[in-house]
Amino acid sequence: ESTHSFDVRHYRIDLATTLTSGAMAARCRIALTPLVGGFDTFSLHFVSLVCDSVKRAGNACTFTTPSGRLLVDLDRAFAAGESLEVDIWYHRNSGTSNRGYYYYSRGSSGIPHAVAYTVTETDDSRYWFPCFDQPWDKAERGCQLNITVPDSMSACANGTLDSVTTGAGTKTYWWTHRYPIPPYLMCFAASKFTDWQVWWT
(Lines give C-alpha, C1' and ligand atoms only; values in the text may rest on other atoms or scores of the structure.)
Protein backbone atom coordinates (compact mmCIF):
# COMPACT_ATOMS: atom_id res chain seq x y z
CA GLU A 1 0.00 0.00 0.00
CA SER A 2 1.27 3.41 -1.03
CA THR A 3 1.48 4.93 2.47
CA HIS A 4 3.90 2.25 3.63
CA SER A 5 7.38 3.29 2.46
CA PHE A 6 9.42 0.55 4.15
CA ASP A 7 9.51 -3.20 4.69
CA VAL A 8 10.12 -4.59 8.20
CA ARG A 9 12.54 -7.52 8.05
CA HIS A 10 13.03 -8.43 11.73
CA TYR A 11 11.98 -7.44 15.27
CA ARG A 12 14.10 -7.96 18.37
CA ILE A 13 12.54 -7.06 21.73
CA ASP A 14 14.48 -7.03 25.02
CA LEU A 15 11.85 -6.60 27.74
CA ALA A 16 12.14 -6.54 31.53
CA THR A 17 9.34 -6.69 34.09
CA THR A 18 9.37 -7.08 37.87
CA LEU A 19 5.87 -8.63 37.76
CA THR A 20 4.91 -6.44 40.72
CA SER A 21 2.92 -4.03 38.53
CA GLY A 22 1.96 -3.49 34.92
CA ALA A 23 5.13 -1.50 34.32
CA MET A 24 7.83 -2.75 31.97
CA ALA A 25 10.89 -1.39 30.18
CA ALA A 26 12.12 -2.53 26.79
CA ARG A 27 14.24 -1.99 23.73
CA CYS A 28 12.91 -2.83 20.28
CA ARG A 29 15.42 -3.22 17.45
CA ILE A 30 13.71 -3.05 14.07
CA ALA A 31 15.53 -4.09 10.90
CA LEU A 32 13.90 -2.53 7.85
CA THR A 33 14.44 -1.79 4.19
CA PRO A 34 13.24 1.44 2.54
CA LEU A 35 11.01 1.04 -0.51
CA VAL A 36 11.64 4.61 -1.69
CA GLY A 37 14.71 6.80 -2.19
CA GLY A 38 15.61 9.63 0.17
CA PHE A 39 14.17 7.66 3.10
CA ASP A 40 14.87 9.80 6.18
CA THR A 41 11.71 9.55 8.29
CA PHE A 42 9.13 6.88 9.08
CA SER A 43 6.16 6.20 11.31
CA LEU A 44 5.30 3.27 13.60
CA HIS A 45 2.19 2.42 15.58
CA PHE A 46 2.77 3.21 19.27
CA VAL A 47 -0.02 3.48 21.88
CA SER A 48 -0.04 3.82 25.71
CA LEU A 49 3.78 3.63 25.78
CA VAL A 50 6.52 6.18 26.51
CA CYS A 51 9.49 6.50 24.14
CA ASP A 52 12.77 7.29 25.92
CA SER A 53 15.22 7.42 23.00
CA VAL A 54 15.83 6.30 19.43
CA LYS A 55 19.19 5.49 17.84
CA ARG A 56 20.46 4.28 14.49
CA ALA A 57 23.98 2.76 14.50
CA GLY A 58 24.61 4.57 17.80
CA ASN A 59 23.52 7.93 16.41
CA ALA A 60 20.66 9.68 18.20
CA CYS A 61 17.50 10.21 16.14
CA THR A 62 14.85 12.79 16.92
CA PHE A 63 11.29 11.61 17.39
CA THR A 64 7.80 12.76 18.27
CA THR A 65 4.81 10.81 19.58
CA PRO A 66 1.57 12.17 18.15
CA SER A 67 -1.58 10.26 19.04
CA GLY A 68 -1.05 6.56 18.40
CA ARG A 69 2.22 7.04 16.51
CA LEU A 70 5.98 7.20 16.87
CA LEU A 71 7.51 9.43 14.18
CA VAL A 72 11.27 8.94 13.76
CA ASP A 73 13.64 11.29 11.93
CA LEU A 74 16.75 9.32 10.94
CA ASP A 75 20.29 10.67 11.19
CA ARG A 76 20.64 10.52 7.39
CA ALA A 77 18.72 9.61 4.25
CA PHE A 78 18.75 6.06 2.89
CA ALA A 79 18.36 4.76 -0.66
CA ALA A 80 15.65 2.33 -1.68
CA GLY A 81 16.78 -1.21 -0.83
CA GLU A 82 19.41 -0.06 1.66
CA SER A 83 19.15 -1.93 4.96
CA LEU A 84 19.13 -0.25 8.37
CA GLU A 85 18.39 -1.04 12.01
CA VAL A 86 16.76 1.30 14.51
CA ASP A 87 16.86 0.86 18.31
CA ILE A 88 13.91 2.23 20.27
CA TRP A 89 14.04 2.39 24.07
CA TYR A 90 10.65 2.74 25.71
CA HIS A 91 8.60 1.84 28.77
CA ARG A 92 5.07 1.23 30.00
CA ASN A 93 3.96 2.89 33.21
CA SER A 94 2.28 1.14 36.11
CA GLY A 95 -1.48 1.65 36.04
CA THR A 96 -1.71 1.65 32.25
CA SER A 97 -4.97 0.09 31.10
CA ASN A 98 -4.75 -3.53 30.02
CA ARG A 99 -4.88 -3.82 26.26
CA GLY A 100 -2.46 -5.77 24.11
CA TYR A 101 -0.24 -6.16 27.18
CA TYR A 102 -2.02 -7.55 30.26
CA TYR A 103 -0.92 -7.68 33.90
CA TYR A 104 -2.75 -9.25 36.83
CA SER A 105 -1.67 -9.66 40.44
CA ARG A 106 -2.33 -13.01 42.06
CA GLY A 107 -1.42 -14.81 45.26
CA SER A 108 -2.45 -15.40 48.85
CA SER A 109 -0.94 -16.22 52.27
CA GLY A 110 2.07 -14.01 51.58
CA ILE A 111 3.04 -15.91 48.42
CA PRO A 112 3.48 -13.38 45.59
CA HIS A 113 2.22 -14.46 42.23
CA ALA A 114 1.45 -12.49 39.10
CA VAL A 115 1.04 -12.92 35.38
CA ALA A 116 1.94 -10.71 32.42
CA TYR A 117 1.08 -11.68 28.87
CA THR A 118 0.20 -10.31 25.45
CA VAL A 119 -2.90 -10.87 23.32
CA THR A 120 -2.95 -8.68 20.21
CA GLU A 121 -5.03 -10.02 17.32
CA THR A 122 -5.39 -8.29 14.97
CA ASP A 123 -3.70 -4.95 15.60
CA ASP A 124 -3.05 -4.47 19.34
CA SER A 125 0.71 -5.13 19.20
CA ARG A 126 1.14 -1.34 19.21
CA TYR A 127 0.17 -1.43 22.90
CA TRP A 128 3.37 -3.26 23.89
CA PHE A 129 6.01 -2.53 21.22
CA PRO A 130 6.57 -0.06 18.36
CA CYS A 131 5.76 -1.72 15.05
CA PHE A 132 4.02 -1.44 11.72
CA ASP A 133 0.93 -3.04 13.21
CA GLN A 134 -0.92 -4.50 10.26
CA PRO A 135 -1.51 -8.25 9.84
CA TRP A 136 -0.32 -8.24 6.22
CA ASP A 137 3.13 -6.89 7.10
CA LYS A 138 5.28 -9.88 8.03
CA ALA A 139 8.84 -9.58 9.31
CA GLU A 140 10.50 -11.93 6.82
CA ARG A 141 13.37 -12.94 9.10
CA GLY A 142 11.13 -13.51 12.13
CA CYS A 143 11.61 -12.15 15.63
CA GLN A 144 13.61 -12.52 18.83
CA LEU A 145 11.97 -12.01 22.24
CA ASN A 146 14.26 -11.80 25.26
CA ILE A 147 12.18 -11.56 28.44
CA THR A 148 13.73 -10.74 31.84
CA VAL A 149 11.71 -11.64 34.95
CA PRO A 150 12.38 -12.30 38.66
CA ASP A 151 14.27 -15.56 39.11
CA SER A 152 11.22 -17.17 40.75
CA MET A 153 9.29 -16.68 37.51
CA SER A 154 9.72 -17.85 33.92
CA ALA A 155 8.73 -16.63 30.47
CA CYS A 156 7.65 -18.28 27.23
CA ALA A 157 7.43 -16.73 23.77
CA ASN A 158 7.50 -17.50 20.04
CA GLY A 159 9.83 -20.08 18.57
CA THR A 160 12.69 -21.91 20.26
CA LEU A 161 14.13 -21.27 23.71
CA ASP A 162 17.80 -20.73 22.92
CA SER A 163 19.03 -20.21 26.48
CA VAL A 164 18.26 -18.93 29.98
CA THR A 165 20.73 -16.57 31.65
CA THR A 166 20.79 -15.41 35.26
CA GLY A 167 21.38 -11.96 36.70
CA ALA A 168 21.04 -10.33 40.11
CA GLY A 169 17.76 -11.93 41.18
CA THR A 170 16.56 -12.25 37.60
CA LYS A 171 16.43 -14.69 34.72
CA THR A 172 16.34 -13.85 31.02
CA TYR A 173 14.63 -16.22 28.61
CA TRP A 174 15.99 -15.95 25.03
CA TRP A 175 13.41 -16.98 22.43
CA THR A 176 13.94 -16.99 18.64
CA HIS A 177 11.40 -17.42 15.85
CA ARG A 178 13.09 -17.77 12.44
CA TYR A 179 10.14 -17.58 10.05
CA PRO A 180 8.03 -14.74 8.60
CA ILE A 181 5.60 -13.42 11.21
CA PRO A 182 3.16 -10.49 11.50
CA PRO A 183 3.22 -8.35 14.67
CA TYR A 184 -0.05 -9.70 16.07
CA LEU A 185 1.40 -13.23 16.30
CA MET A 186 4.41 -12.09 18.33
CA CYS A 187 3.64 -12.85 21.97
CA PHE A 188 4.99 -13.79 25.38
CA ALA A 189 3.69 -14.83 28.81
CA ALA A 190 5.48 -14.58 32.16
CA SER A 191 4.45 -16.04 35.51
CA LYS A 192 5.17 -18.99 37.79
CA PHE A 193 5.03 -21.92 35.40
CA THR A 194 5.75 -25.62 35.62
CA ASP A 195 7.59 -27.10 32.65
CA TRP A 196 8.07 -30.64 31.46
CA GLN A 197 9.60 -32.48 28.54
CA VAL A 198 8.04 -34.95 26.16
CA TRP A 199 10.31 -37.13 24.04
CA TRP A 200 9.34 -38.84 20.83
CA THR A 201 10.97 -40.78 18.03
Under 23 Å from the Cα of Lys171 - lysines, other chains or at least 8 residues apart | Lys192
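Relative contact order, percent, of segment 41-129 when contacts are C-alpha pairs under 8 Å separated by at least 6 residues?
Here the relative contact order equals 31 percent.
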Projected label distance in nm at Thr194 and Leu161, using a 7 Å step from Cα toward the beta-carbon = 1.5
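Return the Rg/Rh ratio of segment 111-162 with Cα-based radii and a Kirkwood Rh.
On the way: Rg = 13.6 Å, Rh = 13.4 Å.
Across segment 111-162, the Cα-based Rg/Rh ratio is 1.01.
Once neighbouring chains are kept in place and the probe is 1.4 Å, which whole percent of the accessible area of segment 1-134 is contributed by carbon and sulfur? Don't skip to the end; give the middle numbers.
Values: 2930 of 6050 Å².
Whole-percent figure for carbon plus sulfur exposure: 49.
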Which whole-angstrom value gives the distance between the alpha carbon centres of segment 177-194 and segment 68-146?
-> 11
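How big is the dipole moment of the chain about its Cα centre under a simple scheme where the beta carbon of each Lys and Arg is +1, that of each Asp and Glu is -1, and everything else is neutral? Debye, nearest 20, please. Write out the running numbers ahead of the final one.
Values: 17 positive and 19 negative charges, 93 e Å.
The calculation lands at about 440 debye.
What are the semi-axes of the equivalent ellipsoid for segment 68-155, taken as the square roots of 5 times the Cα gyration tensor eigenvalues, largest first, in whole Å?
Working: eigenvalues 213, 43, 38 Å².
Whole-Å semi-axes of the equivalent ellipsoid: 33, 15, 14.
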Consider just the alpha-carbon atoms of segment 1-60 and return their Rg together with their Dmax, both in angstrom.
-> 14.3, 46
Restricting to aspartates and glutamates and to Cα separations under 12 Å from Lys55, and discarding same-chain partners fewer than 8 apart, the set is Asp73, Asp75, Glu85, Asp87
Mean 1/r over all different Cα pairs, inverted: what Kirkwood radius does segment 49-201 give, in Å?
-> 17.7
Which of the listed residues, Val164, Phe42, Pro180, is farthest toward the dipole's positive end in the chain, when Lys, Arg count +1 and Asp, Glu count -1 at the beta-carbon?
-> Val164
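Please return the longest range in the chain lying between exposed loop sites, taking chymotrypsin sites (Phe, Trp or Tyr not before Pro), DSSP loop only, at most 12 other beta-carbon atoms within 10 Å, and leaving the sites out. Intermediate results must be reported in sequence, preceding the final value.
On the way: sites that count: Trp136, Phe193, Trp196, Trp199, Trp200.
No qualifying site falls inside 1-135, the longest such stretch.
The values are calculated or read from the model by the stated rules, or taken from the named source; none is laboratory data. In this text the structure is predicted, and so the values were computed from the model without any measurement. Glycine gets a Cβ as well: all are built from the backbone with ideal geometry, and neighbour counts include every protein chain shown. Just so you know, the surface numbers come from the protein's heavy atoms only, side chains and all, with ligands and any DNA or RNA stripped out. Shrake-Rupley method; radii C 1.70, N 1.55, O 1.52, S 1.80 Å.
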